[in-house]
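> What follows is a single structure, and I will ask about it in a moment.
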Amino acid sequence: MFSDRTNWKLTRNRLTEALEEVKSSGARILDLTASNPTRAGLHYNDSQILQAFASRNALDYDPQPRGLLEARQPVAEYYRSQHSVELGLSRVLLTTSTSEGYSFVFRLLCNVGDELLVPKPSYPLFEFLADLQDVKLVPYPLIYDHGWQIDFLSLQKAVSQRTRGVVLVHPNNPTGSFVQDHERRQLNRFCREHGLALIVDEVFLDYALDGEQRETFASNNDVLTFTLSGISKISALPQMKAAWIAANGPEASLSDAMARLEVIADTYLSMSAPIQWALPALLEERNNTQPQLIERVQGNLAELDRQLAGQKSCQRLLLEGGWYAVLRVPVTQTDEELCIELLRQKSVLLHPGHFYDFPSDGYLVLSLITPKEEFAEGVELAFELIGGR
Ligand SMILES: Cc1ncc(COP(=O)(O)O)c(C=O)c1O
């Protein structure tokens, strides 16, 4: 009765089962994977956010496939003020989430079975997004050698007649690595040579740990480029469901791409009026939430490093931005088994590297936006177990 594309393995994984078990025993879990900013103890400007939804304009229905001009303007303003990039409003198309943005772009570029090159390790949702759009993902490795780098040799090998584009996550989740300038130049050459588009996820772009803004791909005109971002991370408001695609590139393909994307978006018209009228205020909220999150990430990272200095079993991989850190741990069992043991014995939740497609065991991923006390206590307990073997 059902499509092959939805034939997923729907049973819970062993870690989720263990989590349910430990929770039902009444134990307090120290969740070092917490990545929901609305539950991370941040201070939001509640009344300003709520007032933004009180506009009478929201009572009018004005279906605009690219989004209302009044909602695309604050997106352009974000790029102007935070990234010094002038973005023509005709090149911005609003979506309810980055995931929806991915789906639209996959639909635009790929026929059934066409291929996209995706980084590995990276964001686990790609698999599902690709399944739903009948796209085949072909991974290209990121290699860790004094920081993470794109393996261009493997990228060259991964390209085929069916390849339509290269996906980048800038900075990547969970490795925290930005695409370097020389990599950007090489990627542009590679895409030009093979007639490919770039699809760049920049949801964590503003979270550079050294405080230095990295260049957005929303100014990359060498090849057709779709930059995806949204307020789920920029303003720490994932529940509001507002994101966008910003397109760049050579004029001929760019206007064709936007015209086709407009038809895709017109088929759903998924942006609600209230959220669009609220978008200027919701984007403005980043000026309040970003400093808090950067402070949280830096503080937790300093605490992690302080505790790492006191033990010999684990190391932290270098990271440049985003909300996550990767630990290198001894391989005495699978990462999943280690995470289950951490849960059962210490009530600490971490993610095994294989959730993100790390090449082998020996990697754990933890969220740096976890509230400070919980983070410090959780790391201490985790090191007690890992270091005490
Ligand atoms: C790399 C990356 N892209 C996109 C998203 C989700 O964005 P959205 O809520 O806009 O779909 C996440 C969420 O964790 C993410 O890690």
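> What about LEU59, is it surrounded by fewer than 17 Cβ atoms within 10 Å (Cβ to Cβ), within 30 Å of ILE275 (Cα to Cα), over 26 Å from the mean Cα position of the chain (by Cα) and at pLDDT 95 or above?
yes
> Restricting the search to the stretch 284-301, which residues are among the β-branched types (Val, Ile, Thr) and more than 19 Å from LEU366 (Cα to Cα)?
Correct list: THR289 only.
> Is it the case that some residue within the stretch 178-199 is within 16 Å of the ligand (Cβ to nearest atom), closer than 24 Å to GLN315 by Cα and in contact (Cβ under 8 Å) with a residue 24 or more places away in the chain?
yes
> Restricting to the stretch 323-369, give me the number of residues that are assigned to a loop (DSSP other than H, G, I, E, B) and touching a Pro at 6+ places or on another chain (Cβ under 6 Å).
In the first step, residues of the stretch 323-369 are kept if they are assigned to a loop (DSSP other than H, G, I, E, B); the result is 323, 329-334, 347, 350, 357-362, 368-369.
Narrowing further to those that are touching a Pro at 6+ places or on another chain (Cβ under 6 Å): 357-358.
Total meeting the criteria: 2.
> Let me ask you something else. List pairs: first residue in the stretch 96-120 and among the small types (Gly, Ala, Ser), second residue more than 12 Å from the ligand (Cβ to nearest atom) and open to solvent by 30 Å² or more (accessible area, probe 1.4 Å) anywhere in the structure, Cβ distance under 7 angstrom, at least six positions apart or on different chains.
As it stands, the answer is SER103/LEU132; GLY113/ASP134; GLY113/LYS136; GLY113/ARG162, since those pairs meet every condition given.
> Note down all Cβ pairs under 6 Å where the first residue falls in the stretch 53-76 and is closer than 16 Å to MET258 by Cβ, the second is part of a loop (DSSP other than H, G, I, E, B), and they're at least six residues apart or on different chains.
Close Cβ pairs satisfying both conditions: GLY67/MET271; ALA76/LEU87.
> Can you name the condition, by its number, that GLY322 falls short on among (1) under 22 Å from ARG214 (Cα atoms); (2) surrounded by fewer than 21 Cβ atoms within 10 Å (Cβ to Cβ)?
Checking GLY322 against (1) under 22 Å from ARG214 (Cα atoms); (2) surrounded by fewer than 21 Cβ atoms within 10 Å (Cβ to Cβ), the one that fails is (2).
> Given THR289, THR267, which one is β-branched (Val, Ile, Thr) and over 19 Å from ILE234 (Cβ atoms)? Give the derivation first.
Details: THR289 fails: over 19 Å from ILE234 (Cβ atoms).
Every option except THR267 fails the conditions.
> Could you list, in sequence order, the residues of the stretch 217-238 that are touching a residue at least 40 places away in the same chain (Cβ under 8 Å), open to solvent by less than 10 Å² (accessible area, probe 1.4 Å) and within 15 Å of the ligand (Cβ to nearest atom)?
PHE217, PHE226, LEU228, SER229, GLY230, ILE231, ILE234, SER235, ALA236, LEU237
> Now for a separate question. Would you pick out the residues in the stretch 239-255 that are within 16 Å of the ligand (Cβ to nearest atom), buried (at least 19 other Cβ atoms within 10 Å of the Cβ) and either in contact (Cβ under 8 Å) with a residue 60 or more places away in the chain or closer than 17 Å to ARG164 by Cβ (or both)? Before the answer, list the steps.
So the first thing to find is which residues in the stretch 239-255 are within 16 Å of the ligand (Cβ to nearest atom), and the list is 239-246.
Keeping just the survivors that are buried (at least 19 other Cβ atoms within 10 Å of the Cβ) gives 240, 242-246.
Hits for the stretch 239-255 are ALA242, ALA243, TRP244, ILE245, ALA246.
> To continue, here is another question. Of the residues that sit in the stretch 325-345 and are over 24 Å from the mean Cα position of the chain (by Cα) and touching a residue at least 60 places away in the same chain (Cβ under 8 Å), which one is nearest to ASN13 (Cα to Cα)?
Going through the qualifying residues, I end up with ILE340.
> Name the residue, out of VAL112, VAL75, VAL105, VAL118, that is more than 24 Å from GLY321 (Cα to Cα), at pLDDT 95 or above and crowded, with 17+ Cβ neighbours inside 10 Å.
Among VAL112, VAL75, VAL105, VAL118, only VAL105 is more than 24 Å from GLY321 (Cα to Cα), at pLDDT 95 or above and crowded, with 17+ Cβ neighbours inside 10 Å.
> Still on this model: Scan the stretch 226-255 residue by residue and report those that are farther than 27 Å from TRP277 by Cα and of a type in the set (Ser, Thr, Tyr).
The one that is farther than 27 Å from TRP277 by Cα and of a type in the set (Ser, Thr, Tyr): SER253.
The values are calculated or read from the model by the stated rules, or taken from the named source; none is laboratory data. Owing to the predicted nature of the structure, the values given are computational and were not obtained by experimental measurement. All Cβ positions, even for glycine, are placed from backbone atoms using ideal geometry, and neighbour counts span all protein chains on display. Protein only, heavy atoms only, side chains kept; ligands, DNA and RNA dropped before computing areas. Shrake-Rupley method; radii C 1.70, N 1.55, O 1.52, S 1.80 Å.
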